[in-house]
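Down below is the structure, laid out as structure tokens.
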Amino acid sequence: METVLAYMQPVISFILVLSLLVFVHELGHFLFAKRAGILVREFAIGFGPKIYSKIHGETMYSVRALPLGGFVRMAGEDAEIVEIKTGTLAFATHNKEGQINHLYLYEPDLQENLTVGRVVEADLEDKLYVVLEDQNGLETKHSLNPQAIIHYDKKNQVQIAPLDRQFGSKTVGQKALAIFAGPLFNIVLTIILFSVYVFVSGVERLPIDKIVPGKPAAQAGMKSGDLITAINGEEIHTLDALRYKLTAAQGAPVNLTVKRGEQTLQFTLKPQKTGEVYQIGAEFNAATMKREATLSEAVTEGFRQTLDWSTFILDGFAKLVTGQLSIKSLGGPVQMGEITGKAAEYGIVPLIKWTALLSLNLGIFNLLPIPALDGSRLVFIGLEAVRGRPINPNKESLVHFVGFALLMMLMLVVTFNDIKRVFFT
């Protein structure tokens, strides 16, 4: 039993962390869509079959079987799904204003008076009416309530979406905000999590604890107690940043700015490669690297670390595109789950930092102009702003469909790499 729990712990941790990140991302889309007056049909965590759903107000909130994403389904973002076939037998209820508020396409088990007839004509988006023909052949035109619900059967119902409630009817600015808000909320969450991480763990700095004889730092004249403040003129505050900059230099000489007492010194040295990393022969003591942070320092560091890691992530994407990084270096769900599990084992503080990094990766990745991602949708909205009219929705949907298929193929490749790395190396 303990073995099973030990195996499941990383999986459960990853699902909880990913669900939080997806929820925050989709919450951004949801809130700004609602703010623009767009009808949000569904707020879903996960993909695939529903395992839980509940309709509250105008929106269905659901949890789906595959916990690797989520979505907010806005009316009119894709082709509208509400339709009634001519000749369908319909049963209607009316509100106090005489408008149809519920239209059943099957015979419902209701006690109230129903208007019954076959559908002759219907406009569910613009004029909002339905023409019904009774058993005597008399046709009557009925107004539809803007929030009328069409019931296809006992389990399937959908609210109509008048044109002014659809995504496509909104201004370029409103549409852009509704799409951009998802990644934005992930970036804001990253800032918050990094701020919490720094407030709990302390402000990091880089005082050298020990210089290894014969290594680049010793050869350059650096000493224990030196405080590293910058590399190649760029300020650094964390060991992660130092390691990244050294690796990015790929063995080329670097210039380190160091504080020694009241002096500010410059040292030029050439890092040595050890395995897959580059080192200068300086060791750091975790006990002396951190000091207690004030609230304002934690918030400042939250912004700073978000900016630093954004630079690292974008640089990584650029190297991937230019071929400097192999696709084998990409991590997928298996690797992320493994790291999340290990972070959770070490405690809440490392898990907070790792969650911040995942949130930032999710936000930035979604802003890339890759079909099916938010960045691609923003590109289409930008083209609409330039052209003065939207791109053909069918063409845009095709682009996103192809992009989604390619992303799924990429996911399979990185998952295969993950499995090989985790289980066969």
Round to the nearest 10 and give me the degree value, 0 to 90, for the angle of helix 348-367's Cα axis relative to the longest principal axis of the chain. 60 degrees
Cα-only Rg/Rh for the range 114-228 with Kirkwood Rh rounds to 1.54
Among PHE180, PHE32, PHE401, residue whose mean-square fluctuation peaks in a GNM of the chain (springs only between Cα atoms under 10 Å): PHE401
Gain in length, VAL188 to GLN272, computed as 0.36 nm per residue apart minus the alpha-carbon separation, to one decimal in nm? 26.5 nm
Accessible area of the range 17-83 divided out per residue, in Å², using a probe of 1.4 angstrom: 47 Å²
Considering only ALA65, VAL119, LEU378, whose Cα is most displaced toward the positive end of the charge dipole of the chain, charges sitting on Cβ of Lys, Arg (+1) and Asp, Glu (-1)? LEU378
Which one, ASN366, ASN145, ASN232, has the greatest fluctuation when you compute a Gaussian network model over the chain with C-alpha springs under 10 angstrom? ASN232
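What shape does the range 252-315 have by the C-alpha gyration tensor, where a ≥ b ≥ c are the square roots of the eigenvalues, rounded means a/c under 1.5, and otherwise prolate means a/b greater than b/c and oblate the rest?
Values: a/c = 1.83, a/b = 1.29, b/c = 1.42.
Oblate, since a/c reaches 1.5 and b/c is not below a/b.
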Name the trypsin sites (Lys or Arg not before Pro) in the range 173-241 that are in a loop by DSSP and that have at most 14 other C-beta atoms within 10 Å, would you? LYS223
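In Å³ and rounded to a whole number, note down the convex hull volume per residue for the Cα atoms of the range 29-164. Working shown, then result.
Values: hull volume 17.1 nm³, N = 136.
Per residue, the Cα convex hull of the range 29-164 comes to 126 Å³.
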Which whole-number percent gives the relative contact order of the range 1-117, counting Cα pairs below 8 Å spaced six or more residues apart? 19 percent
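Calculated FRET efficiency, LYS127 and GLU292, Cβ-Cβ r, R0 56 Å, to nearest 0.05? List each step's numbers first, then the result.
Details: r = 66 Å, r/R0 = 1.18.
Step by step, r from the Cβ atoms, then E = 0.25.
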Using the beta-carbon distance between LYS223 and ALA318 and R0 = 25 Å, what value does 1/(1 + (r/R0)^6) give for FRET efficiency, to the nearest 0.05? 0.10
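Note down the magnitude of the dipole of the chain about its Cα centre, charges +1 on Lys and Arg C-beta and -1 on Asp and Glu C-beta and zero elsewhere, to the nearest 20 debye. Present the calculation step by step, with values, prior to reporting the outcome.
On the way: 40 positive and 41 negative charges, 301 e Å.
Charge dipole of the chain: 1440 debye, to the nearest 20.
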Summing +1 per Lys or Arg and -1 per Asp or Glu among the other residues with Cβ less than 13 Å from LEU27's Cβ gives +1
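Which links in LYS210/LYS342; LYS273/LYS319; LYS141/LYS395; LYS54/LYS141; LYS127/LYS175 stretch past 31 Å when you go from one Cα to the other?
Numbers: LYS210/LYS342 28 Å; LYS273/LYS319 19 Å; LYS141/LYS395 36 Å; LYS54/LYS141 33 Å; LYS127/LYS175 24 Å.
As for pairs spanning more than 31 Å Cα to Cα, those are LYS141/LYS395; LYS54/LYS141.
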Please list the non-local residues whose amide H lies under 5 Å from the amide H of THR229, H modeled 1.01 Å from N, same-chain partners needing a gap of 5 or more. THR257, VAL258, LYS259
Answer in debye to the nearest 20: the dipole magnitude of the range 67-206 about its Cα centre, from +1 Lys/Arg and -1 Asp/Glu charges placed on Cβ, is 640 debye
Which of LYS215, LYS273, LYS96 fluctuates most in a GNM of the chain (C-alpha springs under 10 Å)? That residue is LYS96
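Would you mind calculating the gained length between GLU139 and ASP209 on full extension (0.36 nm times residue separation, minus the Cα-Cα distance), in nm to one decimal?
On the way: separation 70, 0.36 × 70 = 25.20 nm, distance 8.93 nm.
Extra length available between GLU139 and ASP209 comes to 16.3 nm.
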Could you calculate the contour length gain from VAL11 to LYS342, that is, 0.36 nm times the residue separation minus the distance between their Cα atoms, to one decimal place in nm? 118.1 nm
To the nearest 0.05, how large is the calculated FRET efficiency for ASP78 and VAL386 if R₀ is 22 Å and r is the Cβ-Cβ distance? 0.45
Explain nothing, just compute: Karplus ³J(HN,Hα) = 6.51 cos²θ - 1.76 cosθ + 1.60, θ = phi - 60°, for every residue of the range 387-397 in order, whole Hz, x for Gly and Pro. 6, x, 7, x, 5, 3, x, 5, 5, 5, 4
Kirkwood hydrodynamic radius of the chain, from inverse mean 1/r over distinct Cα pairs, in Å: 25.6 Å
Taking only Cα atoms, what is the 0 to 90° angle, nearest 10, from helix 172-201's long axis to the longest principal axis of the chain? 40 degrees
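With an 8 Å Cα cut-off and a minimum separation of 6 or more residues, compute the relative contact order for the chain in percent. Before the final figure, lay out the partial values.
Numbers: 740 pairs, mean separation 63.5, N = 425.
Over the chain, the number comes to 15 percent.
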What are the lysines whose alpha-carbon lies under 16 Å from the alpha-carbon of LYS270, with same-chain residues fewer than 8 places away excluded? LYS215, LYS245
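The values are calculated or read from the model by the stated rules, or taken from the named source; none is laboratory data. The model shown is predicted, which means the values in this text are computed figures rather than measured ones. Virtual Cβ from ideal backbone geometry, glycine too; neighbours counted across all protein chains shown. The accessibility values were calculated without ligands, DNA or RNA, using every heavy atom of the protein model including side chains. Shrake-Rupley method; radii C 1.70, N 1.55, O 1.52, S 1.80 Å.
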